[in-house]
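Before any comments, here is the structure.
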Amino acid sequence: MAQVASAEWFLQYVEPTAIVVLLIRLAWQGLLRRYKYFSAYLVVSLCQVVIPLAFALRFDSDTYAWFYFLTEPVIWLAYSLVVLELFDHVFKDFPGIRSAGRLAVKVAVPVAMVAAALTALPSIFHLAGASSLLRLYLVVERSVMIIILLVLAAVQALLLRYGLRLPKNTVYYSLGYGVFFGVLAAQEFFVSELGMQFTIIANTITIALAVACLLFWTFTLTREGEAVEVTAGPRVSEEQRQRMRAQLMGVNNFMTRVKAEIKENKNAPPR
């Protein structure tokens, strides 16, 4: 366990370094504006990691607990904005699907937070002090993570199933973020289910995989990658790809019609 703790301590300094390197790389390649919400998430995440290290906040202290409680909702918001940005990149040629996905995220995340809080209240009344706040917080956080994870899974499924042809950066960014967020979500579920005694080993594995994703983006996201298009998923013939694209376009057109009808009914004068 001492070796794991040493590895966690070392990786706590490697992770912010990897984030800074990635931000510099994105700026150098002129991609900060292209991935503005992702870049903003990296900055917020960097602050959340660096501030406790700079002020020597112990993870088991009340000060760090309050810092975590206040900053983590900002991270949740950043997660949601990154997913919305992901829809813009992956489904740029399918505005109906893009709009439906963005609406689903905007509605599902707040609803999940409220529903989780309401379902947690009965058990919270039996707890005292900080335990009740922590229980409520963890329940809400888990619900947010589940919703975003499901949305990301749907994006990856459509991306790979229909073999979308997209800029190389978009494919690497999308697949990398799916793995990145999946690792973070797995950590949350692992620790909450098995107990805080597994925090050190879970953090070590999570940070190591997160650093791997950060390095992956550092080496793959380039200015040239915006111009070169690749096909996501398994290789298929051009005929199959066109047929699958037509199927996805049919779904897109259906969602576009539904959106138009809803807007028309909303703007129609009352009878």
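The values are calculated or read from the model by the stated rules, or taken from the named source; none is laboratory data. Everything quoted here is computed from the prediction, not taken from an experiment. Every residue, glycine as well, gets a Cβ built from its backbone with ideal geometry; the counts of neighbours run over all protein chains shown. Calculation scope for accessible area: heavy atoms of the full protein, side chains included, ligands and nucleic acids excluded. Shrake-Rupley method; radii C 1.70, N 1.55, O 1.52, S 1.80 Å.
Sort out which residues of the range 18-49 are assigned to a helix (DSSP H, G or I), of a type in the set (A, V, I, L, M, F, W, C) and in contact (Cβ under 8 Å) with a residue 60 or more places away in the chain, and write them in order of number. Ala18, Ile19, Val21, Leu22, Leu26, Phe38 - these are the residues of the range 18-49 that are assigned to a helix (DSSP H, G or I), of a type in the set (A, V, I, L, M, F, W, C) and in contact (Cβ under 8 Å) with a residue 60 or more places away in the chain. Among the residues of the range 203-228, those that are over 20 Å from the mean Cα position of the chain (by Cα) and among the small types (Gly, Ala, Ser) comprise Gly225, Ala227.
Yes or no, residue by residue, for (1) surrounded by 16 or more Cβ atoms within 10 Å (Cβ to Cβ); (2) under 25 Å from Leu31 (Cβ atoms); (3) touching a strand residue (DSSP E or B) at 6+ places or on another chain (Cβ under 6 Å):
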| residue | (1), (2), (3) |
| --- | --- |
| Ile201 | yes, no, no |
| Thr204 | yes, no, no |
| Ala212 | no, yes, no |
| Thr218 | yes, yes, no |
| Thr222 | yes, yes, no |
| Glu229 | no, yes, yes |
| Arg235 | no, no, no |
| Glu239 | no, no, no |
| Arg243 | no, no, no |
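The condition of being modelled with pLDDT under 95, under 29 Å from Ala227 (Cα atoms) and not aromatic (Phe, Trp, Tyr) holds for only one of Arg33, Arg58, that being Arg33.
Yes/no per residue for (1) open to solvent by less than 60 Å² (accessible area, probe 1.4 Å); (2) in contact with a Leu (Cβ under 9 Å, 6 or more places away or on another chain); (3) at negative phi:
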residue: Phe38; (1), (2), (3): yes, yes, yes
residue: Cys47; (1), (2), (3): no, no, yes
residue: Phe55; (1), (2), (3): no, no, yes
residue: Ser61; (1), (2), (3): yes, no, yes
residue: Phe69; (1), (2), (3): yes, yes, yes
residue: Leu86; (1), (2), (3): yes, yes, yes
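Applying a threshold of 6 Å to beta carbon distances and a minimum spacing of six or more residues, or different chains, the list of pairs starting in the range 50-69 at a residue that is closer than 18 Å to Ile200 by Cα and ending at one that is loosely packed, with under 13 Cβ neighbours inside 10 Å reads Leu57/Thr63. Within the set Ala100, Ala65, Ala112, the sole residue that is closer than 15 Å to Glu141 by Cβ and touching a helix residue (DSSP H, G or I) at 6+ places or on another chain (Cβ under 6 Å) turns out to be Ala112.
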